[in-house]
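Presented below is the structure to which this report refers.
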Amino acid sequence: MDSVNGIIQRVYKEGLPALEDRRQRASTFRPVVPGEALPEPVRLSLAPDLVSVAVGRRQLRLPRSDPLLCRSVLLYLLEGGWVSLAQTAAALELSAERVRKLRTQLQQRGACSLVDQRTGQAQEYRMAPATKAELIWQYIVNLEEGRAVSAARLKHDLEQRGESCPSAQTIRLHVKKLGLDHLRKKKRRDQR
């Protein structure tokens, strides 16, 4: 049996719920915390272009054209226990295993982990037409003045002129594609 002093200290620390029998599920003192139990179950409706999340008469419509929004809302509902793994997987059109992995990522790194990390193959060898024109012009100038026409030298010369310049490897590739190497070989033959 608790002493009066112990009861007073417990009530002082915890308030009136300290007087209650803690073996009961519901408390008459503590208010019901929102989110503990939903008055009605969550229903998911799937359409080709829309995922609807409904609770009672309230409805949230998530466009499938925004996959990040769909993933984040549905995974947070899954995390809160409001929808099942199977419902979430069906709504996201993913396997249950993939949904588990996304859920783990969400727990560990937050919503930014749901952004698709695939960037595709980097296209380092693209060059704007204006840059190609400058490259051709610089190649011919270097060739006529007897300077080196190596990719590193061309890159240096283009940068000196304030042009945006790709890597030396990209310059080498475009020199070959444009057939500028042929001009250098022809000039050497003519000089002999």
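Of note:
- Global form of segment 43-134, assessed from the alpha-carbon gyration tensor, a/c cut-off 1.5: prolate
- Shape call, segment 67-187: gyration tensor on alpha carbons, a/c limit 1.5: prolate
- Label-to-label distance, nm, for residues given as Ala86 and Arg57 (7 Å Cα→Cβ offset): 3.1
- Partners of Lys176 within straight-line reach, counting lysines whose Cα lies under 30 Å from its Cα and excluding those fewer than 8 residues away in the same chain: Lys132, Lys155, Lys185, Lys186, Lys187.
- Interchain or long-range residues, amide H under 5 Å from Val83's placed H: Leu78
- Ser3 paired with Asp49, simple spin-label distance in nm, labels 7 Å along Cα-to-beta-carbon: 7.4
- Between segment 156-192 and segment 46-103, the Cα center-to-center distance that results, in Å: 54
- For segment 56-150, accessible area per residue (1.4 Å probe, heavy atoms of protein chains only), Å²: 67
The values are calculated or read from the model by the stated rules, or taken from the named source; none is laboratory data. Nothing here was measured: the structure is a model prediction, and the numbers come from that model. We place every Cβ from the backbone using ideal geometry, glycine too, and count neighbours over all the protein chains shown. The accessibility values were calculated without ligands, DNA or RNA, using every heavy atom of the protein model including side chains. Shrake-Rupley method; radii C 1.70, N 1.55, O 1.52, S 1.80 Å.
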